[in-house]
Number of protein chains: 2
Amino acid sequence: MPKRSGRPFGYTVRREEKMPEQKFVNSVNVTQLFSTIDLIKQKPDVAQFKFRATNKWVNGTHNKATIKDFYGAGQEDNSRIAMLFELDEPPVLCGRNLGANPVEYLLVAPSGCLTTSLIAHAAARGIEIKGLQSRYEGNLDLQGFLGLSETVPVGYQGIRVYFTIDADIPDEQKEELVRMAQKYSSVFNTITKSAPVSVSLGR
Amino acid sequence: MPKRSGRPFGYTVRREEKMPEQKFVNSVNVTQLFSTIDLIKQKPDVAQFKFRATNKWVNGTHNKATIKDFYGAGQEDNSRIAMLFELDEPPVLCGRNLGANPVEYLLVAPSGCLTTSLIAHAAARGIEIKGLQSRYEGNLDLQGFLGLSETVPVGYQGIRVYFTIDADIPDEQKEELVRMAQKYSSVFNTITKSAPVSVSLGR
């Protein structure tokens, strides 16, 4: 019987083989980011993702959305605990404030996406960010929703975003990061360039 | 000194004067809905709303958004308790599953808006809805976000929505409700028709 090494089942050796030194910038695993990029260059199918939500009406303007599974990197991921989101309107819009309203969720989405896009692209360039905050304001004219005008847009007329970046870099580099954040944000591009949405009725 | 009526401070009378009988359909206060429409017809400025969010980066792909105040019906509303939303990515996208990701929030938003739009317009027509559910799936090709292709859209390539309506109405009327939901949904119209988003850097 061969003598066992001090490493039970050779765990440490295998771990070292599988996990080369990981480089983190802004707590983003840049090693994983670049190996993902390399993988997708070889196998573009790995880049195909499908994200999903379900919604159940409760009553009035109150409904609940759930996020759980998604498809990505060639497989279904059903490992997450279901995440529930309450949606409602304030009393002035016939609701009871049981959750943020849908157009407010439409600000939460770009806030997360522009932030992550900025951080990830800064990390890829080795730029350390100490703090990052942003605020969002969108204008809506209810005449659209209520069908009182054919010329007023039903959706947001415009959304303004203001970023504050704490980092030891020149202002020009901060401006460049804000441009990168927009260029590569999936949500920003969906809203500013539009996306087709097909709605159909199940039986 | 005049004799006091049985109604302390005349509360009941005043209440009746201010609050005519309220009609509810699908738990939507249709009386309030129609009086809002009448008010906006006379004073279109009442229809101007501004919704807001703030976002604070935590680390890596993890950030937090907050919804609280808004402007609408001619005044600031700061009465709500702040609502916090966690955003993160799954491990395959360099995150730790500490929240739904931004493109998933971009499905939560239309889910709430199409639902409320359908319910409100059904209520306005006196159509009772017993149950309403919907599901959402959006396709995303990560080559856009990663800058690996100039031709692949960075945003959603398309979103599909499937509604199930439980109501004692013919299928044609259900189809009509699904069309109305789209026509008057603020989020649906923002995504399908686009909205300008300006992003700037604070000092």
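The values are calculated or read from the model by the stated rules, or taken from the named source; none is laboratory data. All values derive from a computational prediction rather than experimental measurement. Using ideal geometry, Cβ is built from the backbone for each residue, glycine included, and neighbour counts are taken over all protein chains shown. Accessible surface areas use protein heavy atoms only, side chains included; no ligands, DNA or RNA. Shrake-Rupley method; radii C 1.70, N 1.55, O 1.52, S 1.80 Å.
Below is a table of values for the structure above.
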item: Global geometry of the protein assembly as shown, whether rounded, prolate or oblate, following the gyration tensor of its Cα atoms and the 1.5 cut on a/c; result: prolate
item: Charge tally in the Cβ shell below 15 Å around residue B:184, where Lys, Arg are +1 and Asp, Glu are -1, residue B:184 excluded; result: 0
item: Average other protein chain Cβ within 10 Å of Cβ, residues B:37-50; result: 4
item: Cα shape, region B:45-160, gyration tensor, a/c 1.5 rule; result: oblate
item: Acute angle (nearest 10 degrees) that the helix B:30-42 long axis makes with the longest principal axis of chain B, alpha-carbon atoms; result: 80
item: Residue-averaged beta-carbon neighbours from other chains (10 angstrom radius) around B:69-75; result: 3
item: For chain A, size of Cβ-based charge dipole, Lys and Arg +1, Asp and Glu -1, in debye; result: 1100
item: Computed E for residue B:176/residue A:43 - FRET, C-beta separation, R0 56 angstrom, nearest 0.05; result: 0.80
item: Accessible surface ranking that places the most exposed of A:171, B:69 first, with a 1.4 angstrom probe; result: A:171, B:69
item: Shielding score for A:113-125, defined as the mean number of other chain Cβ atoms within 10 Å; result: 5
item: Pairs from A:56/B:43; A:64/B:174; A:68/B:130 whose Cα-Cα separation, in the structure shown, is over 32 Å; result: A:56/B:43
item: Cβ-defined net charge surrounding residue B:165, 9 Å radius [Lys, Arg +1; Asp, Glu -1]; result: +1
item: Region B:18-57, dipole about Cα centre (Lys/Arg Cβ +1, Asp/Glu Cβ -1), debye to the nearest 20; result: 260
item: Furthest towards positive pole of dipole, B:97, A:146, A:156, structure part the protein assembly as shown, Cβ charges; result: B:97
item: Shape of chain A, Cα gyration tensor, a/c cut at 1.5; result: prolate
item: Within-14-Å neighbourhood charge of residue B:90 [Cβ basis; K, R +1; D, E -1]; result: -2
item: On Cα atoms only, tilt of B:102-124 relative to the major axis of chain B in degrees; result: 30
item: Over chain A: helical MRE at 222 nm, DSSP H runs n ≥ 4 each giving -39500 (n - 2.57), nearest 500; result: -10500 deg cm²/dmol
item: FRET E, pair residue A:21, residue A:75, Förster distance 22 Å, beta-carbon r, rounded to 0.05; result: 0.25
item: Computed accessible area, residue B:83, all protein chains, 1.4 angstrom probe, square angstrom; result: 40
item: Candidate aspartates and glutamates for bridging to residue B:183, where Cα separation is under 12 Å - those fewer than 8 sequence places away on the same chain excluded; result: A:150
item: Rough spin-label spacing in nm, given labels placed 7 Å along Cα→Cβ, for residue A:84 and residue A:50; result: 2.6
item: Copy-to-copy label separations for residue B:84, where each label sits 7 Å from Cα toward Cβ, in nm and ascending; result: 1.9
item: Label-point separation, residue B:58 to residue B:198 (7 Å along Cα→Cβ), nm; result: 3.3
item: Derived scalar couplings ³J(HN,Hα) [region A:180-192; Karplus, 6.51 cos²θ - 1.76 cosθ + 1.60; whole Hz; x for Gly, Pro]; result: 4, 4, 5, 4, 10, 7, 5, 5, 4, 6, 5, 6, 7
item: Excluding exposed DSSP-loop GluC sites (Glu not before Pro) (at most 12 other C-beta within 10 Å), longest clean stretch of chain B; result: B:22-127
